[in-house]
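Structure first, commentary second.
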Amino acid sequence: MASGFSKGPTLGLLPDVPSLMETLSYSYCYVGIMTGPFFRYRTYLDWLEQPFPGAVPSLRPLLRRAWPAPLFGLLFLLSSHLFPLEAVREDAFYARPLPARLFYMIPVFFAFRMRFYVAWIAAECGCIAAGFGAYPVAAKARAGGGPTLQCPPPSSPEKAASLEYDYETIRNIDCYGTDFCVRVRDGMRYWNMTVQWWLAQYIYKSAPARSYVLRSAWTMLLSAYWHGLHPGYYLSFLTIPLCLAAEGRLESALRGRLSPGGQKAWDWVHWFLKMRAYDYMCMGFVLLSLADTLRYWASIYFCIHFLALAALGLGLALGGGSPSRRKAASQPTSLAPEKLREE
C-alpha cells in the first residue's frame with residue numbers, strides 16, 4: 001500500500017523501521033476519541049509529516065460529516081425509550097404474542113445502529129478536526145488501508161491548498177450503505193469499515209481454509225473473541241457464515257434466471273431478509289448471556305437459523321455455486337441506482 005505522501009523510493013514500505021517510542025506513540029494515539037477508527041502506522045506517520053498541515057481543510061469536512069449525528073442521537077433516545085432492551089429479559093415479555101416478539105428485535109437493532117452511528121461519526125469528527133487521515137482525492141484512499149495511489153507531496157502551501165482532500169482513510173461507517181445494501185456480505189463491509197479492512201487483510205486472507213464460508217467463519221470467530229468472552233457475541237458472529245452460505249448459494253441458483261423485474265423484486269426481498277437477519281443476530285450481541293440469547297431466539301423459534309438452512313438446502317438442490325465463485329457484477333450492492341453519500 002503506497003502512502004499518499006510517501007517520500008521513500010519503494011511503494012508500500014515504510015522509510016524506516018519504527019523505534020519502540022514511535023510504536024508506543026502510535027499505539028496510544030487516541031485522536032479518534034477511543035472508539036476507532038483503526039488506522040495504519042503509515043497513516044499516523046503521514047499525519048505527523050504532513051508538509052503543509054495548514055492547507056488541509058478540516059472545518060467544512062467535519063460539519064458535513066457531523067450533521068446527521070444529532071438526528072441519529074434523537075432517534076436512539078426515542079427508540080431505546082419506547083423499546084427498552086431490559087424488557088426482553090423479563091418473563092412478561094414472553095407472554096406477548098409471537099408477532100410482537102418478532103417485531104421487537106427490529107427497534108432494538110435500530111437503536112443499536114443509531115448509537116453506533118453517533119459514536120463513530122464523533123470518532124471520525126475527532127480525526128477530521130485534527131486533520132488526521134486526510135489525503136488528496138487523487139490518492140484514492142480506502143477505509144483503514146489508506147491511499148492506493150502515490151501522490152507526490154506538494155512543494156508549496158499554494159499547491160497544497162489547491163488540492164482536493166478527503167478523509168476516506170478514517171471513514172468507519174457508511175450509514176446509507178449499512179441500511180440499504182442488499183446482501184449480508186455487503187452489510188459487513190459498510191459497518192466498522194476500518195476494522196473490517198484489518199480483518200480482511202490480516203485474518204481472512206491468512207485463514208487456515210480456502211472456502212469463502214470457512215474463512216468467514218474463522219474471521220467471525222476471532223472478531224467475536226476481539227469483542228469479549230460473552231457467549232452472545234459468539235452466537236451472533238457465528239451465525240453470519242451460515243447466512244453468507246445461504247444467500248450465496250440461493251442467489252447463484254435463482255437470481256440469474258429471473259427477468260429484470262424479477263431481479264428487482266428479488267433484491268427487495270433479499271434486502272428485507274438481510275435486515276431481519278441482522279435484527280436477529282443483534283439480539284445475541286446486546287443480550288450477551290447464553291441463557292438470554294437462546295431464550296429470545298427460542299421464543300421466535302430460531303426462525304433465521306431455520307430460514308438460512310432452508311435457503312442453503314434449496315440453493316444446493318438447484319445447483320447454486322459457492323459464494324466465492326460468484327461474479328460481483330451480477331449483484332447490486334444497494335437498492336438505489338447510485339449510492340448516496342453524506343459527504
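The values are calculated or read from the model by the stated rules, or taken from the named source; none is laboratory data. Values in this document were obtained by computation on a predicted structure and should not be read as measured data. In this analysis, Cβ positions are derived from the backbone assuming ideal geometry, glycine residues included, and neighbour counts consider all displayed protein chains. Just so you know, the surface numbers come from the protein's heavy atoms only, side chains and all, with ligands and any DNA or RNA stripped out. Shrake-Rupley method; radii C 1.70, N 1.55, O 1.52, S 1.80 Å.
Scanning the range 242-275 for residues that are among the basic types (Lys, Arg) and without any contact (Cβ under 8 Å) to a residue 40 or more places away in the chain turns up ARG257, LYS264. Restricting attention to the range 199-212, the residues that are open to solvent by 30 Å² or more (accessible area, probe 1.4 Å) and either of a type outside the set (A, V, I, L, M, F, W, C) or closer than 22 Å to PHE112 by Cβ (or both) total 8. In this structure, ARG215 does satisfy being out of contact with any strand residue (DSSP E or B) (no Cβ under 8 Å at 6 or more places or on another chain), in the same structural domain as LYS274 (by the TED database), open to solvent by 20 Å² or more (accessible area, probe 1.4 Å) and part of a helix (DSSP H, G or I). Here PHE72 qualifies as of a type outside the set (Val, Ile, Thr), at pLDDT 95 or above, under 22 Å from the mean Cα position of the chain (by Cα) and outside the structural domain of VAL286 (by the TED database). So, PRO99, is that one open to solvent by 70 Å² or more (accessible area, probe 1.4 Å), of a type outside the set (S, T, N, Q) and either in a loop (DSSP other than H, G, I, E, B) or touching a Gly at 6+ places or on another chain (Cβ under 9 Å) (or both) or not? The answer is no for PRO99. Scan the range 143-165 for residues that are open to solvent by 10 Å² or more (accessible area, probe 1.4 Å) and in contact with a Phe, Trp or Tyr (Cβ under 7 Å, 6 or more places away or on another chain) and the total you get is 6.
The residue that is nearest to LEU290 (Cα to Cα), among those in the range 224-265 that are in contact with a helix residue (DSSP H, G or I) (Cβ under 9 Å, 6 or more places away or on another chain) and of a type in the set (D, E, K, R), is GLU247.
Looking only at the range 48-69, residues that are closer than 20 Å to ILE121 by Cα and either outside the structural domain of PHE112 (by the TED database) or of a type in the set (Phe, Trp, Tyr) (or both) come to 1 in all. Inside the range 98-127, residues that are touching a Leu at 6+ places or on another chain (Cβ under 7 Å) and within 19 Å of TYR190 (Cβ to Cβ) make up a count of 2. Within the set SER162, SER79, the sole residue that is touching a helix residue (DSSP H, G or I) at 6+ places or on another chain (Cβ under 6 Å) and of a type outside the set (A, V, I, L, M, F, W, C) turns out to be SER79.
Checking each residue in the range 54-96 for being of a type in the set (Gly, Ala, Ser) and outside any loop (DSSP other than H, G, I, E, B) picks out GLY54, ALA55, ALA66, ALA69, GLY73, SER79, SER80, ALA87, ALA92, ALA95. Output the residue which, of all residues in the range 174-185 that are part of a helix (DSSP H, G or I) and touching a Pro at 6+ places or on another chain (Cβ under 9 Å), is most open to solvent (accessible area, probe 1.4 Å). Filtering the range 174-185 for residues that are part of a helix (DSSP H, G or I) and touching a Pro at 6+ places or on another chain (Cβ under 9 Å), the one most open to solvent (accessible area, probe 1.4 Å) comes out as ARG185. Assessment of the range 103-110 against the conditions (within 28 Å of TYR296 (Cα to Cα), open to solvent by 60 Å² or more (accessible area, probe 1.4 Å) and more than 23 Å from the chain's Cα centre (by Cα)) yields at least one matching residue. Taken as a whole, the condition of being open to solvent by 10 Å² or more (accessible area, probe 1.4 Å) and of a type in the set (A, V, I, L, M, F, W, C) does not apply to TRP297.
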